[in-house]
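Colleague: Take this structure first; my questions come after.
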Amino acid sequence: MVNLLMVDRLDRYIARNVLAAIIVVQFVLLGLDITIAYIDNLGDVQAGYTALDALFYLLMRTPWRFYQYAPVAVLIGALIGLGSMASNNELTVMRASGRSLARIVWGVMKPVLLVIVVVLLVAEYVSPRTEQHAEAWRLEKIQGEGTMLTSRSGWQIEGDSVYRFGAIRADDVVLDLTRYRFDDRQLVEATYAQRAIWEGGAWRLENVSTTRISDDHTESDQAASMGWETSFTPTQLERLLRDIESQAPSELWYYAKFLADQGLQNDQALLYFWQKMLMPLTMGSLVLIAASFVFGPLRTVAAGTRVFYGVITGLSFKYVQDLLAPASTIFGFSPVWAILVPTLVCAGVGIYFLRRNG
C-alpha cells in the first residue's frame, strides 16, 4: 500500500512539474507572438480602428494561437520539466528506487493527455468561432457595419452550373455572385447578382443581370430581385470562403465530403482534418523525443542546450509536415501520410534512444 501511494505521489510530482513547464512555455510563446503581431498590425490603425482595437483583435485570436503553439509548448515544456528534475538528481533517485524509465515517461504523458483534450476542444468548439468573430469584428471596424466576413473568393460546382462567390458578410449576405450554366459543356447562360440575401430559409438575388447564349445570338435582361434555387446554405458558403486552416475538425470532414460529392479535389481539407485529429499522436511523439533528450545522448549537456535542440527539433518537425503536405497532392498519396510519416519517425527516434539508455 505504501509503495502504491509513493508511486501515485511520484506520478503527480512528475505531472505537476511537466504541466507547469508547459503552461509557462505556452504563455511565453503566446506573449511573444502577440507582441510581434501587434507591432505588425499597428500599420492598419486608422480612424475607425485604433491601437486598442488591434490589441483586442489579437486577443480574440488567442485560442487559434494556443492551438498552433501547443505541440511546441509540449515539447519544450517536457524538456524543461524533465530537465529540471534531472538537474536536481530527482530522476536519478527515482531510477535508483526501482522506478522504470517507461513508468517515468508515462508520468510525463499524463499531463500531456490533459493538454491534448483541451487542445482538441479548442480546435472543435472555440477557435473556429473566435476566428470568425475576430475577422468580422476587425473588418467592420475598418470598413463599417455589414462588412465582408472574408475577402476570399471561391468557386463551386452544382449540377450543370459553376458559381463564383466574391465574399460572404457577417449577416449571411453573399456579394458578387456569378453563375455559369452549361449544357453538355456548352455555356448557355451567365448570371450576375450584386448580392444574395438569405431570408426564411431561401436565397433571394438582388440587382441581377442575365445573359442567355444561343448558337446565333445572345439575350440579356435585368431584374431587381429574383429567387435562387440552390442547395447551398450560408454555412456551406462560409466554409468555402473562410480560411480552411481555422475550421473545426468536424467542419473539415463535412467540407471534404461535400467537395468529393461535387467531384472536386478535397486533399487540402483532408490534410487539415487529419492534422487536427492526429494531434494526440503528434504530441505523444514529441514527448518521446523530449524524454530521449533528457535520458539519452543529451543528458550530460546544459539545460539551455537541450531546449535549443528541442526548438530545432520542433521546427524541423513542422517544416517536414509542411513539405509533405503539398507533396501528397503532387504525388497522389493520402494526406494522412503527410502527418503520420514525420510523427512515426519522431516517435521511432525517441523510442530508440530511450530503449538504448533504459
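Colleague: Once phi is turned into ³J(HN,Hα) by the Karplus curve 6.51 cos²θ - 1.76 cosθ + 1.60 with θ = phi - 60°, what whole-Hz value does each residue of segment 341-352 show in order, with x for glycine and proline?
Modeller: 4, x, 5, 5, 4, 4, 5, x, 5, x, 5, 4
Colleague: Next question. HN-Hα J couplings of segment 328-338 from phi, Karplus 6.51/-1.76/1.60, θ = phi - 60°, integer Hz, Gly and Pro as x?
Modeller: 5, 6, 5, 9, x, 8, 4, x, 4, 6, 5
Colleague: Compute the helix-to-body angle for 101-121: its Cα long axis versus the longest principal axis of the chain, expressed 0 to 90° and rounded to tens.
Modeller: Around 20 degrees separate the two axes.
Colleague: Here is a further query. Name the long-range amide H neighbours of LEU278: under 5 Å, sequence gap of 5 or more, or other chain; modelled H, no Pro or chain starts.
Modeller: It is none; the list stays empty.
Colleague: Determine ³J(HN,Hα), in whole Hz, for all residues of segment 229-244 in sequence, where each value follows from phi through the Karplus function 6.51 cos²θ - 1.76 cosθ + 1.60 and θ = phi - 60°; x replaces Gly and Pro.
Modeller: 8, 7, 8, 5, 10, x, 5, 5, 5, 5, 5, 5, 8, 6, 4, 5
Colleague: Which translational diffusion coefficient, to the nearest whole µm²/s, is obtained for segment 220-271 from the Stokes-Einstein equation, given a Kirkwood hydrodynamic radius over C-alpha pairs, 37 °C and 0.692 mPa s?
Modeller: In µm²/s, the coefficient rounds to 259.
Colleague: I would also like to ask the following. At a 10 angstrom cut-off on C-beta neighbours, averaged per residue, how do the peptides 173-179, 72-78, 348-354 rank from highest to lowest?
Modeller: 72-78, 173-179, 348-354
Colleague: With viscosity set to 1.002 mPa s at 20 °C, what whole-number translational diffusion coefficient in µm²/s follows for segment 237-358 from Stokes-Einstein and a Kirkwood radius over Cα pairs?
Modeller: 134 µm²/s
Colleague: For a quick check: with amide H placed at 1.01 Å from N, whose amide H comes under 5 Å from ILE168's, ignoring anything fewer than 5 positions away on the same chain?
Modeller: Amide H neighbours of ILE168, under 5 Å, 5+ apart: LEU149, THR150, LEU175.
Colleague: What are the equivalent ellipsoid semi-axes of segment 84-123, built from the alpha-carbon gyration tensor (square roots of five times its eigenvalues), in whole angstrom, biggest first?
Modeller: 28, 11, 5
Colleague: Could I ask something else about it? Which three semi-axes in whole Å describe the equivalent ellipsoid of segment 33-72, each the square root of 5 times a Cα gyration tensor eigenvalue, listed largest first?
Modeller: 23, 10, 5
Colleague: Additional query: Which distance in nm do the two modelled labels at TRP106 and LEU59 give, with both placed 7 Å along the Cα-to-Cβ direction?
Modeller: Spacing of the two 7 Å Cα→Cβ label points: 4.3 nm.
Colleague: Using only Cα atoms, figure out Rg for segment 113-257 and give it as a multiple of 2.2 N^0.38 Å.
Modeller: That works out to 1.24 for segment 113-257.
Colleague: Could you compute the net charge surrounding SER127? Neighbours are other residues with a C-beta less than 13 Å from the C-beta of SER127; K and R count +1, D and E count -1.
Modeller: -1
Colleague: Sorted from largest down, give the three principal axis spans of the alpha carbons of segment 99-144, whole angstrom values.
Modeller: Over segment 99-144, Cα extents along the principal axes are 63, 16, 8 Å.
Colleague: Taking a cut-off of 21 Å between Cα atoms, list the lysines near LYS257, but don't count ones fewer than 8 places away on the same chain.
Modeller: LYS276
Colleague: How large is Rg/Rh for segment 69-140, to two decimals, with Cα atoms and a Kirkwood Rh?
Modeller: A ratio of 1.24.
Colleague: With a/c under 1.5 counting as rounded, go ahead and sort segment 47-186 into rounded, prolate or oblate using the C-alpha gyration tensor (a ≥ b ≥ c being the square roots of the eigenvalues; past the cut-off, prolate if a/b is larger than b/c, else oblate).
Modeller: Judged from the Cα gyration tensor, segment 47-186 comes out oblate (a/c at least 1.5, b/c at or above a/b).
Colleague: Still on this structure: Kirkwood Rh over Cα pairs of the chain into Stokes-Einstein at 10 °C, 1.306 mPa s: D in µm²/s?
Modeller: 67 µm²/s
The numbers here are math on the coordinates, done by the rules we state, and not lab data. Quick caveat: nothing in here was measured; it's all calculated off a predicted structure. When we count neighbours, we look across all protein chains shown, and the Cβ atoms used for this are built from the backbone with ideal geometry, even at glycine.
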